[in-house]
Amino acid sequence: MSVAQPTLDSSVRKQALSWTRKFSVRAVTLGSTIIVVSYLVLVPLIMLLYASVKSTEDKLPFETTGMTLANYITVLTSSSTLPIFLNTFYFTAGSLAIGLPLAVLMAWLLERTAIPARRWIAALILVPMTIPSLLSAIAWIQLLDPRIGLVNVVLRNLLGLTGDSGPFDIYTLSGMCFVQGLRLVPSAYLMIAASFRAMDPSLEEQSAMAGRGVGHTTLRITLPIMRPALLAMLIYYIIVVIESFDIPGLLGFTARIRVLSTAIYWATHSEVGLPDYGLASALGALVLGMALLLMWAYQRLTAHQERFTTITGKGYRPRQIDLGGWTAPATALCIVYVALAVVLPFLMLIWTSLQPFYAVPSADSLARVTLDGYVSIWQESTITRALWNTTVLALMTSAATILLALLVSWFVVRRTRVADALSHYLATVSFLPQCVPSIVIGLAFIFVYVRFPLPIYGTLWIIALAMTTRYLAYSSRTMTSALMQVHGELEEASQMSRAPWARTMRKITMPLLAPAMINVFFWVAVHAMQELSMALMLYNPDTVVVSTMIWSMWQNGRTTDAAALGVMLILLSAVLLLGGQLFARFRQGANP
C-alpha cells in the first residue's frame, strides 16, 4: 500500500498537468485570437472616429492638437453634401427597386414553380458573381454609351434617329441603378432561395383549394410568410449598395455624380490640391454610423425569424406550381436576365479586347479583329508586377482569413461557461466588418498605419490586412455554420486520448471542415482579386494589382488593354470558383 500511493499521486499529478497544459494552450489561443480580431476590426474604426475630430484639410490626421467638430460642421453645412446624400439615396433606392424584386421573382420561379430547365437557369444566374462590378460597368458603357454604345447605334439606325446620341444614356443615376441592380440579383437570389425552397406549402394549397389564383396566393400568403427574410434582405443590401464603389466610381465619374463612397475616395485623391482627410474621415464616420444602425436592424430581424417558421417536425413536401400559360413568359424573363447580366457584357468585353481601338461591331471592324491586345499587355513590366501582386495578395488574404475564421468559429461554437462572455464578444466583433463599407475600411487603415510606426504602409501587407478584415465576417459565419454540423464527440474522444488541443484541431476538426474551408478559401481569393475600393485607397505603383490596373487603363483611355485584362480576370475567377467547388466535393466524398 505504501508503494502504490506515490504511483497514484504521480498519475493524478500527470493528468492534472496534462489538462492544465491543454487549458493553457486553448486559453492562450483564445486570447491571441481576441487580440488579433480586435486589432484588425476595432483599432481602424476607433482611429477613423478619432481622425474625424482631429484632422485638417492641409495636414495628415493627428498632426493637430485638441478635439474639434469642424470636420462634421463642414460636411453638414457644405453645399455639396445634400446632393451627395440625395444621390446616394436615389442610387440605393433605384438599385434595390430593380435588383431585389427581380431576385425574389427569380427565387420564386426557380424554387416554387415548374418552369423548364430550372437547374440550368439557376446555375447561369450565379455566373455574374464571377464578373467584377468594374468590368460590368465597362461592358455597359460599350453597350449604352450615348454616342458609341452598340445598343444606341443599332437603335439610331433602326429608328432613323438623327444626331450623335441614342435614346439611352448610361452616364446617369438611372444608368448606375440599372447596372447595380443587375449586379444584386445573384447574391440576393442565393440569400432568399433557401427560404422559398424550405417553406411548407400547405398554406398555399389551402388557398388554392379556396379558389384563389396563383397571384393572389403569392401576394397574400407566400410573401407575408417570407416578410422577415425579405426585410432582412432589404436592410442588408441597403448596406451593400451604399458601400458600392466600382459602378458609381466609373459611371458617376463621367457624369460628375458623386455618392458617399466616391466622395470619400475623391476627398483622399484630390485632382486639385492636397487630400482632404478631414472631409473623408467625417464622411466615413457618418457612413459607418448609418451602416451600424442598419446592421443592428438586420440582426434584430434575423434573430426573430422563428416566429414566422412554417417548417415543423411534421412531414411536408414542397409542391411546384404549374404556371400554365405564364410558363413561357416566366422562362423568357429568366433568359433575358441571363442575357443582360452575363452574355451581353461578356461578349462586349471580348469584342473590345479584340479591337485595336473600340469600334461598334460591323463588317469593317470585324476585319480588324486581332489578339494584339492580349499580347501587348504582357510586354509591360507593370502587368507582370500586377499579376504577381494579385496572386500573392489573394493567397495571403485567403490563408490569413481562413485561419482566423477557423479559430473564431471554433471558440464561438465550442465555447465553455468560463469563456462564454469572451466567445460572445468574439462573435460580435468578427461580424462587425460586415457592416463597414470597404472604402471606409481602406480609409481607416490609412489612418492607422500613417500613425503607427509599423513599416507596412505602401506594401501588400496593408492591403492584405484590410481585405482580411473585410472578409472575416463572411468567412467566420460560413465556418461557424459548418462547425455546427460536426458533433464535438470526436474532439472529446481525441482529448480523452490525451492528444494536445492543437493536434486535435489539425487531425480531427480541420479534415472534417475541409470542404467548407476550401470553399471559403477560394471565395476569399476570388473576391480579393476583384476588390477595387480598398486596393485603390491603399496601393502605390509598387503594389499595383489587377483591379487597380484595369481602373488605371480605363481612366487613361486604354480600352483594349483594360478589356483584355478584364477577360483574363473573369476567366481566372470562374476557374477558381469552379475548381474550388469541385475540389471541395472531392474532399467531401473522400471523407464521408
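Kindly check whether there is at least one residue in segment 457-469 that is open to solvent by 10 Å² or more (accessible area, probe 1.4 Å) and more than 23 Å from Phe521 (Cα to Cα). So far as segment 457-469 goes, yes, one or more of its residues are open to solvent by 10 Å² or more (accessible area, probe 1.4 Å) and more than 23 Å from Phe521 (Cα to Cα).
Okay, residues lined up against (1) under 17 Å from Pro248 (Cβ atoms); (2) free of Cβ contacts under 8 Å to residues at least 12 places away in the same chain; (3) buried (at least 22 other Cβ atoms within 10 Å of the Cβ):
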residue: Met510; (1), (2), (3): no, no, no
residue: His527; (1), (2), (3): no, no, no
residue: Glu531; (1), (2), (3): yes, no, yes
residue: Leu538; (1), (2), (3): no, no, yes
residue: Thr543; (1), (2), (3): no, no, no
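Would you confirm, using the coordinates I've provided, whether Ala328 is at pLDDT 85 or above, assigned to a helix (DSSP H, G or I), open to solvent by 30 Å² or more (accessible area, probe 1.4 Å) and over 22 Å from Val53 (Cβ atoms)? So Ala328 fits the description; yes.
In segment 470-484, of all residues being of a type in the set (Ser, Thr, Tyr) and open to solvent by 20 Å² or more (accessible area, probe 1.4 Å), the one that is farthest from the chain's Cα centre (by Cα) corresponds to Ser481. Filtered by the rule that a residue be open to solvent by 30 Å² or more (accessible area, probe 1.4 Å) and in contact with a helix residue (DSSP H, G or I) (Cβ under 9 Å, 6 or more places away or on another chain), segment 86-100 gives Asn87, Tyr90, Ala93, Ala97, Ile98. Regarding segment 438-451, can at least one residue be identified that is open to solvent by 20 Å² or more (accessible area, probe 1.4 Å) and either in contact (Cβ under 8 Å) with a residue 24 or more places away in the chain or over 20 Å from Ala51 (Cα atoms) (or both)? Yes, segment 438-451 has at least one match. The residue list Asp420, Asp372 contains one member that is of a type in the set (D, E, K, R), modelled with pLDDT under 80 and surrounded by fewer than 21 Cβ atoms within 10 Å (Cβ to Cβ), which is Asp420.
Taken together, Val342, Val336, Val287, Val272 contain a single residue that is open to solvent by 50 Å² or more (accessible area, probe 1.4 Å) and modelled with pLDDT of 85 or more, which is Val336. Set side by side, the residues Ile170, Ile148 differ, and just one is touching a residue at least 12 places away in the same chain (Cβ under 8 Å), among the hydrophobic types (A, V, I, L, M, F, W, C) and open to solvent by 60 Å² or more (accessible area, probe 1.4 Å), which is Ile148.
A quick yes/no check of all residues on (1) at pLDDT 85 or above; (2) surrounded by fewer than 14 Cβ atoms within 10 Å (Cβ to Cβ):
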| site | (1), (2) |
| --- | --- |
| Gln15 | no, yes |
| Ser32 | yes, yes |
| Val36 | yes, no |
| Ala51 | no, no |
| Ile84 | yes, no |
| Trp108 | no, no |
| Arg112 | no, no |
| Pro116 | no, yes |
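So is Met549 modelled with pLDDT of 90 or more, of a type in the set (A, V, I, L, M, F, W, C), open to solvent by 10 Å² or more (accessible area, probe 1.4 Å) and assigned to a helix (DSSP H, G or I) or not? Yes.
Residue-wise test of (1) at pLDDT below 85; (2) closer than 30 Å to Tyr474 by Cβ; (3) within 29 Å of the chain's Cα centre (by Cα).
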| position | (1), (2), (3) |
| --- | --- |
| Ser381 | yes, no, no |
| Thr384 | no, no, yes |
| Asn389 | no, yes, yes |
| Val392 | no, yes, yes |
| Met396 | no, yes, yes |
| Ala399 | no, yes, yes |
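Of all residue pairs spaced 6 or more apart or on separate chains, those with beta-carbon atoms under 7 Å, a first member in segment 360-379 that is closer than 21 Å to Asp164 by Cβ and a second member that is open to solvent by 40 Å² or more (accessible area, probe 1.4 Å) and assigned to a loop (DSSP other than H, G, I, E, B) are Val360/Ile148.
Can you find a residue in segment 301-317 that is assigned to a helix (DSSP H, G or I) and either crowded, with 17+ Cβ neighbours inside 10 Å or modelled with pLDDT of 80 or more (or both)? So far as segment 301-317 goes, yes, one or more of its residues are assigned to a helix (DSSP H, G or I) and either crowded, with 17+ Cβ neighbours inside 10 Å or modelled with pLDDT of 80 or more (or both).
Beta carbons closer than 6 Å, at least 6 apart along the sequence or on distinct chains, pair a first residue in segment 245-269 that is within 20 Å of Ala93 (Cβ to Cβ) and in a loop (DSSP other than H, G, I, E, B) with a second that is modelled with pLDDT under 90 and β-branched (Val, Ile, Thr) for Phe245/Ile439.
The values are calculated or read from the model by the stated rules, or taken from the named source; none is laboratory data. Keep in mind the model is a prediction, meaning the values are calculated, not measured. FYI the Cβ positions are ideal-geometry reconstructions off the backbone, even for glycines, and counts take in every protein chain you see. Calculation scope for accessible area: heavy atoms of the full protein, side chains included, ligands and nucleic acids excluded. Shrake-Rupley method; radii C 1.70, N 1.55, O 1.52, S 1.80 Å.
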